[in-house]
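Encoded as structure tokens, the structure appears first; notes follow it.
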Amino acid sequence: MKMLTATSRTQGQRNNDFDWCIEGELVHFGLICAADRDNPDGHCGCGRSFAGLNSHRATTTALVRDLEGFTRDDYIEAIRSSLSQQGWDPGTAEDEADELISMAAEWPVGAVAERRLNRVVVRMVMIPPNG
Ligand SMILES: [Zn+2]
């Protein structure tokens with residue numbers, strides 16, 4: 001199954017890129033705080049970043065990888081436990097997983113995605129993707 005994972009690839013393409021995540025970890029959409037609500041290039045950075053499920057840190061770049069054997073249930077569980085660990089309501093895990101799955105399904109492996117508030121677009125497709 002294709003999924004969005006943290007990557008350092010294409011970092012620096014925007015001058016406000018950052019990547020504090022672990023390379024390859026699963027990411028989801030963190031909440032956007034009041035300060036950056038209307039500005040993806042805001043000072044906080046949450047409006048342009050994905051949140052790492054393991055590191056609980058953020059990155060502005062996410063790579064579509066195909067993780068063989070990984071299921072929708074695995075995805076839901078990964079999101080649920082990450083939310084719980086951070087003290088968030090894990091009740092959104094299933095919806096988040098479905099949103100991420102349908103998003104990644106439309107893109108080729110090797111696509112690097114970026115976030116602009118509630119929009120996610122492909123920035124570049126890396127060929128070959130190298131896992
Ligand atoms: Zn913020």
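General remarks:
- Index of the failed condition, Gly12 passing every other in (1) out of contact with any Cys (no Cβ under 6 Å at 6 or more places or on another chain); (2) open to solvent by less than 30 Å² (accessible area, probe 1.4 Å); (3) more than 16 Å from the ligand (Cβ to nearest atom): (2)
- When Ser8 is tested against (1) within 23 Å of Asp95 (Cβ to Cβ); (2) assigned to a loop (DSSP other than H, G, I, E, B), only condition (1) is not met.
- Listing of strands (runs of 3 or more DSSP E) fully contained in the range 16-116 that carry 3 or more residues being open to solvent by 40 Å² or more (accessible area, probe 1.4 Å) and away from the ligand (no atom under 16 Å from the Cβ): none
The values are calculated or read from the model by the stated rules, or taken from the named source; none is laboratory data. Computed from a predicted model, the values in this text were never measured in an experiment. Glycine also receives a Cβ, built like all others from the backbone with ideal geometry; neighbour counts cover every protein chain displayed. Accessible surface is based on the protein model in full, side chains and every heavy atom, while ligands, DNA and RNA are left aside. Shrake-Rupley method; radii C 1.70, N 1.55, O 1.52, S 1.80 Å.
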